[in-house]
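The values are calculated or read from the model by the stated rules, or taken from the named source; none is laboratory data. Everything numeric in this text was worked out from a predicted model, so none of it was measured. Positions of Cβ are backbone-derived with ideal geometry, glycine not excepted, and every protein chain shown enters the neighbour counts.
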Ligand SMILES: [Zn+2]
């Protein structure tokens, strides 16, 4: 991992920990479909019928996709069971309940499914929306980084964790209107010095609302040389 940043190493260690845990759980418990409970192969989250019936949102759905994005895929609406799984993925429970690998597997599978819907040719680099170091320390892991790994595997692309950095802490976007969200993330992201973006890049985040964060990150990637920026998100607040 020459030229790796602390963010790359942290993501690498986090990935090792999660894979290790996952292998143990697969050994201890047979894998069941997360929607109907039927037995499924160990590398599957849903059975064929449930996978085919996922309530996928159309590409670029919702009020105005940020003009700066070439494609915008959000897999499902942020509501009901999906909202619960995403919440459990982002805020793992403490103690034994925290060993449940399903939130991670389900949310990663949604991200992978969304990535598979990107148009050809597939971009060679995947970049997660960055997390501020203080928030990372409080949370212990970087949710968008975990999802970016799943997206990169699907696209056979390279995941560059530290490509974007936060230039200042960003207050939560919850409860802000569209204009306030845009102001909140204005100039809050930058490409790491020395990161030369390829022409096409995929940005990854967990939940998208107005797309203000994605647009701000896309701006930073464009300054680093990217020309066509696609976004993959697990869910969209409608
Ligand atoms: Zn099923």
Q | Options 10, 15, 2, 19; residue that is outside any loop (DSSP other than H, G, I, E, B) and either more than 23 Å from residue 145 (Cα to Cα) or modelled with pLDDT under 70 (or both) | A | 19
Q: Only helices (runs of 4 or more DSSP H) wholly contained in the range 23-141 count here; list those with 2 or more residues that are within 16 Å of the ligand (Cβ to nearest atom) and either modelled with pLDDT under 90 or over 24 Å from residue 157 (Cβ atoms) (or both).
A: 48-52, 80-90, 102-115
Q. What is the one condition in (1) closer than 25 Å to residue 76 by Cβ; (2) surrounded by fewer than 24 Cβ atoms within 10 Å (Cβ to Cβ) that residue 132 does not satisfy?
A. (1)
(Q) Which of the strands (runs of 3 or more DSSP E) found entirely inside the range 167-238 contain at least 1 residues meeting this: within 16 Å of the chain's Cα centre (by Cα)? (A) 200-208, 228-236
Q | Residue count, the range 191-213 (criterion: closer than 21 Å to residue 133 by Cα and surrounded by fewer than 19 Cβ atoms within 10 Å (Cβ to Cβ)) | A | 3
Q) Restricting the search to the range 135-157, which residues are exposed (fewer than 13 other Cβ atoms within 10 Å of the Cβ) and within 25 Å of residue 112 (Cα to Cα)? A) 140, 156
